[in-house]
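J.: Okay, handing you the structure first.
The values are calculated or read from the model by the stated rules, or taken from the named source; none is laboratory data. These figures come from a predicted structure and were not determined experimentally. Ideal geometry is used to build each Cβ from the backbone, glycine not excepted, and the neighbour counts take in all protein chains shown. What goes into the accessible areas is simple: the full protein's heavy atoms, side chains included, and nothing from ligands, DNA or RNA. Shrake-Rupley method; radii C 1.70, N 1.55, O 1.52, S 1.80 Å.
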Amino acid sequence: MRRRRRTAVEKGGLWVALALAAWVAQGCSTIALYSEAAYRQATAAKAEALILMGKANEPFDQHRAEVDALRLDVEKAYEYAKGEPKNTLSTRQWEILKDPKGNLLGGFLARWQKEGTISLTFIEDKRDQVSRAFDEITGLETGKNKPAAPKNP
Amino acid sequence: MADFNAFVGEVRTQVSQLAQNTLSEFRTAALADANAFLNQAQADLKLWTTQLAQGLLKQDEFEDLVKGEKDLAEMNALKTAGLAQARLDAFVTGVINAVISAAFKTYL
């Protein structure tokens, strides 16, 4: 039996179907794409946090405004992450970092507020931990797939 | 039939390279990252234990640091899980693109 040759319409339809499949696959990601804004927020907050933690051997009341500003910046970064679709992993990272009942940045600021001042040894050890915590956040963000470059108009 | 065999061969070649680039390399990197994390945690614990013995850290500060390491481990696990998802997304997209590319190369 002779094979029927594909018509031009059928061939064209094949390419349309393949292109459509590619387009659909591009949208079926399981995790959010890389966000330059999220990365900048994390790196800025890291610098701010490490500098402020270095002052925790001084009375908390002298730095209350700076602590409030840092907490606000961290909260903004958290809300930004939370607002992105398919971004639960990054959101959970921020939750752990900022938790005042936890043992990273949020817990450190709460301890400083409660105790007034903190020993230099503990400050240095905790700064290293918090620095690594921020690196986990930026490490995930930079590892996400980059969005497609916009085409020139 | 010859065209279809050529198409399948081209897809296999591209997907094989894609799997190496996105999946195998990720596995190697993830294992290296986990080892680095464990080595750092071990070094930190040793340091804090020494500081506690020397009276440079209070008991509750030592406990805080140990619990902080647990929090860090969770953040590290979240990062690894996220990177795995991203690599899988890239692989799936790559497979679709490989099929498209092979089809154009074979039949056009």
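J.: Here are some residues: A:75, A:58, A:79. Which one is among the acidic types (Asp, Glu), closer than 27 Å to residue B:62 by Cβ and at pLDDT 95 or above?
T.: A:58 is the lone residue from the list that is among the acidic types (Asp, Glu), closer than 27 Å to residue B:62 by Cβ and at pLDDT 95 or above.
J.: I'm checking my understanding of the structure. Among residues of region A:108-122 that are outside any helix (DSSP H, G or I) and in contact (Cβ under 8 Å) with a residue 60 or more places away in the chain, which one is nearest to residue B:45 (Cα to Cα)?
T.: This residue is A:119.
J.: Here is a further query. Check B:51, B:40, B:14 and return the single one that is in contact (Cβ under 8 Å) with a residue 12 or more places away in the chain and polar (S, T, N, Q).
T.: Exactly one of B:51, B:40, B:14 is in contact (Cβ under 8 Å) with a residue 12 or more places away in the chain and polar (S, T, N, Q), namely B:14.
J.: Could you grab me the full set of residues in region A:90-107 that are assigned to a helix (DSSP H, G or I), among the small types (Gly, Ala, Ser) and either under 14 Å from residue B:64 (Cα atoms) or open to solvent by 10 Å² or more (accessible area, probe 1.4 Å) (or both)?
T.: Selection gives A:106, A:107.
J.: Pick from B:106, B:50: which is more than 7 Å from chain A (Cβ to nearest Cβ), out of contact with any Lys or Arg (no Cβ under 9 Å at 6 or more places or on another chain) and either open to solvent by 40 Å² or more (accessible area, probe 1.4 Å) or farther than 30 Å from residue B:18 by Cα (or both)?
T.: Result: B:50 is the single residue among B:106, B:50 that is more than 7 Å from chain A (Cβ to nearest Cβ), out of contact with any Lys or Arg (no Cβ under 9 Å at 6 or more places or on another chain) and either open to solvent by 40 Å² or more (accessible area, probe 1.4 Å) or farther than 30 Å from residue B:18 by Cα (or both).
J.: Out of (1) surrounded by 14 or more Cβ atoms within 10 Å (Cβ to Cβ); (2) within 12 Å of another protein chain (Cβ to nearest Cβ); (3) acidic (Asp, Glu), what's the single condition that is false for residue B:60?
T.: (1)
J.: Continuing with this model, one more query. What residue, among those in region B:63-94 that are more than 8 Å from chain A (Cβ to nearest Cβ) and open to solvent by less than 50 Å² (accessible area, probe 1.4 Å), is nearest to residue A:105 (Cα to Cα)?
T.: B:73
J.: Let me ask you something else. Looking at (1) open to solvent by 70 Å² or more (accessible area, probe 1.4 Å); (2) under 15 Å from the mean Cα position of the chain (by Cα); (3) of a type in the set (S, T, N, Q), find the lone condition where residue A:62 falls short.
T.: Of the numbered conditions (1) open to solvent by 70 Å² or more (accessible area, probe 1.4 Å); (2) under 15 Å from the mean Cα position of the chain (by Cα); (3) of a type in the set (S, T, N, Q), the odd one out for residue A:62 is (2).
J.: Separate question: Being in a helix (DSSP H, G or I), more than 14 Å from chain B (Cβ to nearest Cβ), at pLDDT 95 or above and surrounded by fewer than 17 Cβ atoms within 10 Å (Cβ to Cβ), is that true of even one residue in region A:123-141?
T.: no
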